[in-house]
Amino acid sequence: LIGSGGVLSHAPRRSQAALMVIDAFLPEGITMLAVDSIFMMPQLGVLSEVLPEAATEVFDKDCLIRLGTCIAPAGVLKKVTVLASVTMTKQDGSSIDLEIELGKMHVEPLGVGEKVNAVIRPAKNLDVGNGPGNEWIGELEGGVIGLIFDGRGRPFVLPEDDLLRIDKLQEWSKALNIYPERFMDLEGGE
């Protein structure tokens, strides 16, 4: 999923662009996210008619910024608090185990071009790309953000209570490092 346009290209932090793309499109399952670095894709489309190899090279090396992969279980949430359990094996042989929890977001750092082998076991009614409740086995690729585990559900519902909603938005913003930490703990309009 490639986001393009000024607001994404010029976001102060790439994590802000990632969250905008996730919130706008609500990707389900496993989705690689990227942004057009300087809103150049339309021009490269024209260039590809004349010089396809040059356009492809510029697109891959100068235009596309790989943000990372979003892992978002989708389906009917039936009394679950853990949407999926994940086991990842890095290229050095080390492994990471984590759970995608309901209502939470988590970023696991994994750089551009880095990959992990993953086994994702969704809850009974949830799907990450291999059918509801079915285990997904494959490779996940990192990016400038890493791997983004999104347990907010699809579609996600914001709490109606103002304080609860603000708490959730701040929690997700902290998880993705959207703003500098010094701005995240301000209270009462400071």
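The values are calculated or read from the model by the stated rules, or taken from the named source; none is laboratory data. Note that this is a predicted model, so its numbers are computed, not measured. Neighbour counts run over all protein chains shown; Cβ positions are idealised from the backbone, glycine included.
For the range 177-184, the condition of being at negative phi and modelled with pLDDT of 90 or more holds for at least one residue.
Within the range 39-49, not a single residue is closer than 25 Å to A175 by Cβ and in contact (Cβ under 8 Å) with a residue 24 or more places away in the chain. Among the residues of this structure, V86 does not count as one that is in a strand (DSSP E or B), touching a Lys or Arg at 6+ places or on another chain (Cβ under 8 Å) and free of Cβ contacts under 8 Å to residues at least 60 places away in the same chain. Residues that are within 11 Å of A123 (Cα to Cα) and aliphatic (A, V, I, L, M) within the range 59-85 comprise A74, V76, L77, V80, V82, L83, A84, listed in sequence order.
Just one of the numbered conditions (1) outside any helix (DSSP H, G or I); (2) free of Cβ contacts under 8 Å to residues at least 12 places away in the same chain; (3) closer than 28 Å to G129 by Cα is not true of P27: (2).
Being more than 13 Å from the chain's Cα centre (by Cα) and either among the acidic types (D, E) or at positive phi (or both): is that true of E114 here? When the stated conditions are applied, E114 passes them. Residues in the range 61-86 that are surrounded by fewer than 23 Cβ atoms within 10 Å (Cβ to Cβ), over 17 Å from R152 (Cβ atoms) and touching a Gly at 6+ places or on another chain (Cβ under 6 Å): R66 only.
Find all pairs meeting these conditions: Cβ atoms under 8 angstrom apart; at least six residues apart or on different chains; first residue within the range 1-17 and more than 17 Å from T69 (Cα to Cα); second residue outside any helix (DSSP H, G or I) and of a type in the set (G, A, S). Within 8 Å, the pairs are S9/S37. The sole residue among A55, A24 that is among the aliphatic types (A, V, I, L, M) and more than 19 Å from the chain's Cα centre (by Cα) is A55.
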